[in-house]
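The values are calculated or read from the model by the stated rules, or taken from the named source; none is laboratory data. Model, not experiment: these values are computed from the prediction. All Cβ positions, glycine included, derive from the backbone under ideal geometry; neighbour counts span all protein chains shown.
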Amino acid sequence: MSDLIIVGGGIIGLSTAREAAIRGLSVTLLERGRPGREASWAAAGMLSPLAEASADGPFLDFALASLRRYRSWVAAIEEESGRTVEYRESGKLRLALSARERGLLEQRREWAATRGLHARWFEPAELREKEPGLSLSVQGALLIEEDFRVDNRRLSEALVEAAREAGVRIQSGVEVEAIEHRGGRILGVRTAEGDSISGDRVLIAAGAWSGALQGLPRPIAVTPVRGQMLALGTEGPFSERVLESEEVYLIPRDDGRLLVGATVEEVGFEPGITAAGIRSLLEGALRLVPGLGSAPIVEFWSGFRPGTPDGHPILGPSPEVDGLFWATGHFRNGILLAPLTAVVLAAAIVGGDGPRIPEAFAADRPALASIPEPSG
Ligand SMILES: Cc1cc2nc3c(=O)[nH]c(=O)nc-3n(C[C@H](O)[C@H](O)[C@H](O)COP(=O)(O)OP(=O)(O)OC[C@H]3O[C@@H](n4cnc5c(N)ncnc54)[C@H](O)[C@@H]3O)c2cc1C
C-alpha cells in the first residue's frame with residue numbers, strides 16, 4: 001500500500017510525484033501509456049506568465065511565482081537525472097503587425113511596468129537589426145524579459161528519471177478506470193484490468209482525461225482543447241528568443257528545429273493534423289519570417305490541453321472525499337505551472353508549511369458548476 005497513488009504521468013503527475021517522494025511519502029504513479037507522451041510532449045515549452053495572463057489576479061501571481069522557481073527546479077532535475085533540458089531565459093518578442101496590435105502591446109508594456117516586470121518597445125529599424133529575417137510588415141515589438149523556455153520533451157524525460165531517483169514507483173501501461181472510496185474516505189483506485197490498488201491518498205493528474213474516470217465524487221469540468229504544431233528545419237542559428245504574433249509563435253531548439261504553434265480547437269478527443277490547421281500555422285510563420293518559405297517541414301503533431309471553463313487549473317483536496325486530490329486543468333500553461341503546482345500539492349498532501357493553493361483554483365469554485373453528471 002502506497003501513501004500516495006498518482007493517476008497520470010504527464011509533467012504535472014511526474015513533478016508532484018517527485019516532490020511528494022522527496023518529502024518522504026511512498027508514491028506510486030500509474031500511467032496508461034508512456035509517461036510524458038501526451039500534452040506534456042506536444043507542448044511548446046514556453047514559460048510566459050505575462051503573455052498568457054489577461055489581467056492581474058491569482059493566475060498571474062501563481063504563474064510568476066512558478067517562473068521564479070524554474071531555474072533552481074530545473075537545475076535540481078538535471079542533477080538528479082543526469083540529463084539536460086535546454087532551459088533558456090531568453091525573453092520573447094511580441095510582434096505587432098498592425099496599428100491596433102501596436103496599441104495593445106503598448107498597454108501591455110505599461111501593465112508590465114506596474115508589476116515590476118521588464119518589457120521594452122523596439123521600433124522597426126532597431127528590431128530588424130536584432131532580428132534581420134523579420135518581414136518589413138512588422139511594425140515594432142515588445143521584448144518581454146520575464147519569458148523563458150524549456151524543451152518540454154527533454155524535461156518530461158528528465159522528470160521520469162528524477163522521480164525514480166526520488167523513489168517514485170512508476171508503472172507504465174496501467175490504465176486507471178475508477179476511483180474507489182467509501183464513507184467519504186479514499187480507498188484507492190481500480191484499474192481497467194479490474195485490479196484494486198489501495199492507497200492512503202489519491203491524486204488525479206490525468207490531464208484532459210481527468211473527468212473521464214469513474215467514481216468521481218463530482219463531475220469535473222476538464223475538456224480537451226486540441227493544439228496542432230509543426231517543426232521546420234533551419235540552417236544555422238535562428239533567433240534565441242521566442243517570436244510571437246497574434247497568430248503564431250516560433251520557438252528555436254538547439255537541434256536546429258524551429259517550432260511553429262499552435263492551433264486552439266474544441267473538437268473533443270478527435271486526434272490528428274488537418275490541412276486547415278497546418279495552413280494557418282505556415283501562413284502565420286511566413287508572414288513573420290518570409291525566408292522560412294524554403295525551410296523543410298520536419299515534424300508535425302497535435303495534443304490535448306486540459307481546458308477548464310475559467311482557464312484556471314483545478315488544484316487541491318476534494319471537498320467530498322478525504323484523501324482525494326486534484327492537479328489538473330492546466331490548459332495552455334502546464335509546463336510553466338509545474339514547479340509551483342508540485343510544491344503546493346505536496347504541501348497540501350503531506351501537510352506542514354509551504355505556499356498555499358489559491359481559492360480561485362479550488363475544485364468546488366462556482367465557475368466549475370455547470371457541467372454534466374458524473375459517469376460511474
Ligand atoms: C500544442 C500545445 C502547446 C502547448 N504549449 C505550452 C507552452 O508553451 N507552455 C506551457 O506551459 N504549456 C503548454 N501547453 C500546455 C501543457 O502541455 C499542458 O498544460 C500540460 O502538459 C498538462 O500536463 P498534464 O500532466 O496535466 O497532462 P498530460 O501531459 O496530458 O498528462 C496526462 C497523463 O495522464 C495519463 N492518463 C490519462 N488518463 C489516465 C488513466 N485513466 N489512467 C492512467 N493514466 C492516464 C495520460 O496518458 C497522460 O500521460 C501546450 C499544450 C499543447 C497541446
Residue ID - surrounded by the most Cβ atoms within 10 Å (Cβ to Cβ), chosen from residues in segment 134-170 that are more than 18 Å from G334 (Cα to Cα) and of a type in the set (K, R):
R164
If a residue has to be over 19 Å from the mean Cα position of the chain (by Cα) and of a type in the set (S, T, N, Q) to count, how many in segment 1-48 make the cut?
3
For D255, only one of the following conditions fails: (1) within 16 Å of the ligand (Cβ to nearest atom); (2) part of a loop (DSSP other than H, G, I, E, B); (3) not hydrophobic (A, V, I, L, M, F, W, C). What is its number?
(1)
Taking strands (runs of 3 or more DSSP E) that do not extend beyond segment 282-372, which have at least 1 residues that are outside the structural domain of S198 (by TED's automatic domain parsing)?
297-307
Considering only segment 189-206, state which residues are crowded, with 21+ Cβ neighbours inside 10 Å and near the ligand (Cβ under 8 Å from one of its atoms).
A205, A206
Which residues, counting only those in segment 227-252, are within 15 Å of the ligand (Cβ to nearest atom) and outside any loop (DSSP other than H, G, I, E, B)?
G227, Q228, M229, L230, A231, V242, L243, E244, Y249, L250, I251, P252
Could you tell me whether segment 207-226 includes any residue that is near the ligand (Cβ under 10 Å from one of its atoms), more than 26 Å from I278 (Cβ to Cβ) and among the polar types (S, T, N, Q)?
yes
May I ask you to say which residue of T191, T223 is polar (S, T, N, Q) and closer than 30 Å to R108 by Cβ?
T223
Tell me, yes or no, whether segment 184-201 has at least one residue that is within 30 Å of L60 (Cα to Cα) and assigned by TED's automatic domain parsing to the domain that holds A347.
yes
